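S.K.: Just passing along the structure, written as structure tokens.
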Amino acid sequence: MNNEQLVLAKRPDGLPGDDVFRFEETDVKKPGENELVIESIYISVDPYMRGRMNDAKSYAKPFNIDEPLNGHVLGRVIQSNADSFKENDVVTGHLPWKKYNTIPAESVQKVASTDVPLHLYLSTLGMPGHTAYGGLLNIGKPQPGETVVVSAASGAVGSVVGQIAKIKGAKVVGIAGGPKKVKYLTEELGFDAGVDYKADDFKEKLAEALTDGVDVYFENVGGTVSDEVFKYLNRFARIPVCGTISSYNSKEDNGPRVQGQLVKSQVLMQGFLVAQFADDAEETSRQLAQWIQEGKIKSEVSIADGFDKLPEAFRNLFTGNNFGKQIVKVSDALD
């Protein structure tokens, strides 16, 4: 059985080009006791992985040169030497970017149901959904009638943040890039307003949408977008900081100092990692699944077809060429 993996060939300088990655043929290791062979079906590409390509200390260990990248994968069991799994079980886990992985059984979990689109386990029912739920409700704590602003609002995390905020009775303003994405926010997801950060009149449109100020700002992008939002922070506003994707490929730090604004309006600004909400994962999954079934949460997905599309799909996260959650389909085995 032929196998293929994608390794990190060198550290990137800015946006990772094709020379940063290298495809390699490799073997499929025979499973030992309590091990499984997993065929990758869908591979998730996520912005946080860009930081792991740098040789710098962070909350996640850097990728090693000449070793496979890794991330969230949905796959199926094709061989099992573990009593708790059987052939064709659908599983998710944090796995190397390979077409086939031989791993300990405890490295993956069975999906709760195969009656929903399976890609949801890498988006709304997976890490992005849990990130949105945990960050918004534990740190943002939106109240009915408050104004919630979310950047990268059409993305995998931001779109769920906005929809949960609406469920909680807040006014929701989403910031996204391009008329198509802004229209999606208001017409499909039910946001109260959408603002195009790429438009020439971005500052004016943002001001129109934020006449009541900002009570919760779910921070996904940083940069000049956030510089504008900070001007409208209300007293005791809360800012869950999920990420700052606009700076992930920057070669040096830039931007204003926000401490004065935080003091003036007594703002809470808190970074977080989805792992800190792990104890609530089961309840989070249950609630998200219920909202999906009730039609209260919708999701968009961009699926690139083929293992060879992984580098391009990853770059799409930073160029805005994806819509919603970016996933790569590796196999048609579950079609």
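S.K.: In whole Hz and in residue order, list the ³J(HN,Hα) couplings for region 170-186 that follow from phi through the Karplus curve 6.51 cos²θ - 1.76 cosθ + 1.60, θ = phi - 60°; x for Gly and Pro.
M.R.: Running phi through 6.51 cos²θ - 1.76 cosθ + 1.60 with θ = phi - 60° gives 8, 7, 10, 10, x, 10, 8, x, x, x, 4, 5, 5, 4, 4, 4, 7 Hz.
S.K.: What full-extension length gain, to one decimal in nm, is calculated for Asn54 and Asp212 as 0.36 nm per residue of separation minus the Cα-Cα distance?
M.R.: Full-extension gain reported as 52.8 nm.
S.K.: Could I ask something else about it? Can you list residues whose amide H is under 5 Å from Val195's amide H, if they're 5+ apart or on another chain and H is modeled 1.01 Å from N?
M.R.: Gly174, Ile175, Ala176
S.K.: Given R₀ = 30 Å, what would the calculated FRET efficiency be for Leu262 paired with Asp201, taking r from the Cβ atoms and rounding to 0.05?
M.R.: Once rounded, the FRET efficiency stands at 0.60.
S.K.: If the cut-off is a Cα-Cα distance under 22 Å, which lysines reach Lys57, setting aside same-chain residues fewer than 8 apart in sequence?
M.R.: Candidates past the 8-residue exclusion: Lys10, Lys251.
S.K.: Hey, rough spin-label estimate for Ala9 and Asn81, points 7 angstrom out along Cα→Cβ, what's it come to in nanometres?
M.R.: Using points 7 Å along Cα→Cβ, the separation is 3.5 nm.
S.K.: In the structure shown, do any of Lys171/Lys264; Lys168/Lys298; Lys168/Lys325; Lys180/Lys325 have a Cα-Cα gap over 21 Å, and if so which? Provide the component values of the computation, followed by the final result.
M.R.: Numbers: Lys171/Lys264 24 Å; Lys168/Lys298 16 Å; Lys168/Lys325 23 Å; Lys180/Lys325 16 Å.
Result: Lys171/Lys264; Lys168/Lys325 exceed 21 Å.
S.K.: Given q = 0.07 Å⁻¹, what are the Debye log10 I(q)/I(0) values for the chain, with equal point scatterers placed on the Cα positions and solvent ignored?
M.R.: -0.30
S.K.: Turning to a different aspect of this structure: For Lys86, which lysines qualify as cross-link partners when the Cα separation must be under 26 Å and same-chain residues fewer than eight apart are set aside?
M.R.: Within the straight-line limit of under 26 Å, Lys86 reaches these lysines: Lys29, Lys30, Lys98, Lys99, Lys110, Lys329.
Just so you know, all these numbers are worked out from the coordinates, no wet-lab data involved. This one's a predicted model, so the numbers in the text were calculated from it and none came from an experiment. Cβ coordinates were reconstructed from backbone atoms using ideal geometry, including for glycine residues, and neighbour counts include every protein chain displayed.
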